[in-house]
Amino acid sequence: DSGVTQTPKHLITATGQRVTLRCSPRSGDLSVYWYQQSLDQGLQFLIQYYNGEERAKGNILERFSAQQFPDLHSELNLSSLELGDSALYFCASSVDPSPQYFGPGTRLTVL
Amino acid sequence: AQRVTQPEKLLSVFKGAPVELKCNYSYSGSPELFWYVQYSRQRLQLLLRHISRESIKGFTADLNKGETSFHLKKPFAQEEDSAMYYCALSAPSTGANSKLTFGKGITLSVRP
């Protein structure tokens, strides 16, 4: 167990809806990363937060947003959901230097 | 730009056979290279990082800067090694860590 937790484990929703995925990093880790894993795109980096501030952005859609709170947990908000957003969403955390440790993921199904 | 290439999607071997999972990367600086393993769509688990130069579960990987490769090897495969393996690259910048760029992954199937 890497210590990174994510809720919920599974999420089933309809197109056009909005969902929030939650991540709690390992104790002491200041960096939180979000990744999307899909069959066609593989593992793609979405966004990184470091100690509450956005540090880097990857292939994140404008419909998606994230934030990191003072207690260092992070939330990924996905809105106007489309069928193609169905994927596994992983959160990872780290402390300098790397590596990153991953959570169990949230499986999002958009119907 | 940074890129990780895993040229094969599937490797199927018999138990006890040697395994080599290929990984090539493209990056102009000095990256950090990792291997992650994922069992049955579970969380990714760190298997190896090049700077630690250790052997985990019998796996080793050597960074070859000349060939820009970081192949994962194991002399004798076990059935429990069956999983998805991802090679990943991190390009550290000043300050906090940076993102991981992953290859497409390879499925290792070890038959009894």
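The values are calculated or read from the model by the stated rules, or taken from the named source; none is laboratory data. As the structure is a computational prediction, the values presented were derived from the model and not from experiment. FYI the Cβ positions are ideal-geometry reconstructions off the backbone, even for glycines, and counts take in every protein chain you see.
Tabulated results
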quantity: Residue within the range A:91-111 that is more than 14 Å from every other protein chain (Cβ to nearest Cβ) and either free of Cβ contacts under 8 Å to residues at least 24 places away in the same chain or closer than 25 Å to B:Ser40 by Cα (or both) present; calculated: yes
quantity: Residues that are out of contact with any Pro (no Cβ under 8 Å at 6 or more places or on another chain), modelled with pLDDT under 95 and over 18 Å from A:Thr5 (Cβ atoms), drawn from the range B:37-53; calculated: B:Tyr39, B:Ser40, B:Leu47, B:Leu48, B:His50, B:Ile51, B:Ser52, B:Arg53
quantity: Test: residue in the range B:59-77 that is at pLDDT below 90, farther than 29 Å from A:Tyr50 by Cα and among the hydroxyl-bearing types (Ser, Thr, Tyr); calculated: no
quantity: Segments classed as strands (runs of 3 or more DSSP E), wholly inside the range A:1-105, with at least 3 members that are over 23 Å from B:Glu32 (Cβ atoms); calculated: A:5-7, A:10-13, A:19-24, A:64-68, A:74-78, A:87-94
quantity: A:Ser86 being within 14 Å of chain B (Cβ to nearest Cβ), surrounded by fewer than 21 Cβ atoms within 10 Å (Cβ to Cβ) and polar (S, T, N, Q); calculated: yes
quantity: Tally, over the range B:60-112, of residues that are within 11 Å of another protein chain (Cβ to nearest Cβ), charged (D, E, K, R) and free of Cβ contacts under 8 Å to residues at least 40 places away in the same chain; calculated: 1
quantity: Residue list for the range A:44-83, restricted to those being exposed (fewer than 14 other Cβ atoms within 10 Å of the Cβ) and among the basic types (Lys, Arg); calculated: A:Lys57, A:Arg63
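For every residue, the table says whether it meets (1) in a loop (DSSP other than H, G, I, E, B); (2) among the β-branched types (Val, Ile, Thr); (3) in contact with a strand residue (DSSP E or B) (Cβ under 8 Å, 6 or more places away or on another chain).
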position: B:Glu20; (1), (2), (3): no, no, yes
position: B:Ser30; (1), (2), (3): yes, no, no
position: B:Val37; (1), (2), (3): no, yes, yes
position: B:Glu67; (1), (2), (3): yes, no, yes
position: B:Ala77; (1), (2), (3): yes, no, yes
position: B:Leu89; (1), (2), (3): no, no, yes
position: B:Lys104; (1), (2), (3): yes, no, yes
position: B:Thr107; (1), (2), (3): no, yes, yes
position: B:Val110; (1), (2), (3): no, yes, yes
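Table: residues versus (1) among the acidic types (Asp, Glu); (2) free of Cβ contacts under 8 Å to residues at least 40 places away in the same chain; (3) under 15 Å from B:Lys99 (Cβ atoms).
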| residue | (1), (2), (3) |
| --- | --- |
| A:Gln6 | no, no, no |
| A:Leu21 | no, no, no |
| A:Ser24 | no, no, no |
| A:Gln37 | no, no, yes |
| A:Glu54 | yes, yes, yes |
| A:Arg63 | no, yes, no |
